[in-house]
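The values are calculated or read from the model by the stated rules, or taken from the named source; none is laboratory data. Remember, it's a predicted structure, so these values are computed and weren't measured experimentally. A quick note on method: Cβ atoms are made from the backbone with ideal geometry, for glycine too, and the neighbour counts reach across all protein chains shown.
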């Protein structure tokens, strides 16, 4: 299947046009790594791969791009350039076919790790806004997972603000599955990854102490 990519990068064209090539995880990852390692020259290629889905394996390509961005060291300028595209994907995640969980990983871990202070603040603010307000439960779940990652590098005040929002989600989110996730995080005082301040884990348990399991089952 052919697709107009708006780019002449050989690896990008292959990922757009060659379904059999994309079927191989190793080949797919190798092509994506080549593209990501050439940032910022390949910014447009990355944006196209994340937003255009010309064939039935395009979701796998998207996941591979997100995973590579999360795995490789990025420059602050690369994070700034790609952030608007990734945030649009987050807000619009609306099905299990979207790689929504990896969006949370990237925003709360890879992007946050390599962002400057201003961009870090923007990422955290966007995650908190999406987990509160997004229409799609998949978008809210992705933001929730991003917050889990972000807690591992948060300052005490920043982390408490995140946990206060998770307390809201435990009480008020319209999706029982997400309320349960928030409940579990607070009651156990634990979340994805390591590195968070012990005081944040204690604060989570303090917020979770009044919660009653019968409200979630």
Taking the options 164, 152, name whichever one is on the phi < 0 side of the Ramachandran plot and under 19 Å from the mean Cα position of the chain (by Cα).
-> 152
Restrict the check to segment 53-60 and report whether at least one residue is part of a helix (DSSP H, G or I), in contact with a helix residue (DSSP H, G or I) (Cβ under 9 Å, 6 or more places away or on another chain) and not assigned by TED's automatic domain parsing to the domain that holds residue 149.
-> yes
Residue match in segment 25-39 (condition: over 28 Å from residue 151 (Cα atoms), out of contact with any helix residue (DSSP H, G or I) (no Cβ under 7 Å at 6 or more places or on another chain), assigned to a loop (DSSP other than H, G, I, E, B) and not assigned by TED's automatic domain parsing to the domain that holds residue 147) | yes
Flag for residue 77 being surrounded by fewer than 16 Cβ atoms within 10 Å (Cβ to Cβ), more than 30 Å from residue 195 (Cβ to Cβ) and out of contact with any strand residue (DSSP E or B) (no Cβ under 7 Å at 6 or more places or on another chain) = no
Test residue 121 against the criterion of being loosely packed, with under 14 Cβ neighbours inside 10 Å, assigned by TED's automatic domain parsing to the domain that holds residue 91 and under 16 Å from the mean Cα position of the chain (by Cα), and give yes or no.
-> yes
Check 52, 131 and return the single one that is touching a residue at least 24 places away in the same chain (Cβ under 8 Å) and closer than 23 Å to residue 154 by Cβ.
-> 131
What tally of residues in segment 22-47 results from selecting those that are more than 22 Å from the chain's Cα centre (by Cα), without any contact (Cβ under 8 Å) to a residue 24 or more places away in the chain and surrounded by 15 or more Cβ atoms within 10 Å (Cβ to Cβ)?
-> 1
Is it fair to say residue 207 is surrounded by 15 or more Cβ atoms within 10 Å (Cβ to Cβ) and in contact with a helix residue (DSSP H, G or I) (Cβ under 8 Å, 6 or more places away or on another chain)?
-> yes
If we keep only residues of segment 187-198 that are under 16 Å from residue 160 (Cα atoms) and under 21 Å from the mean Cα position of the chain (by Cα), then the residue surrounded by the fewest Cβ atoms within 10 Å (Cβ to Cβ) is 195
Residue 196 vs. criteria within 19 Å of residue 109 (Cα to Cα), touching a residue at least 12 places away in the same chain (Cβ under 8 Å) and part of a loop (DSSP other than H, G, I, E, B) | yes
Does segment 91-100 contain at least one residue that is under 19 Å from residue 152 (Cα atoms), within 18 Å of the chain's Cα centre (by Cα) and either modelled with pLDDT of 95 or more or in a helix (DSSP H, G or I) (or both)?
-> no
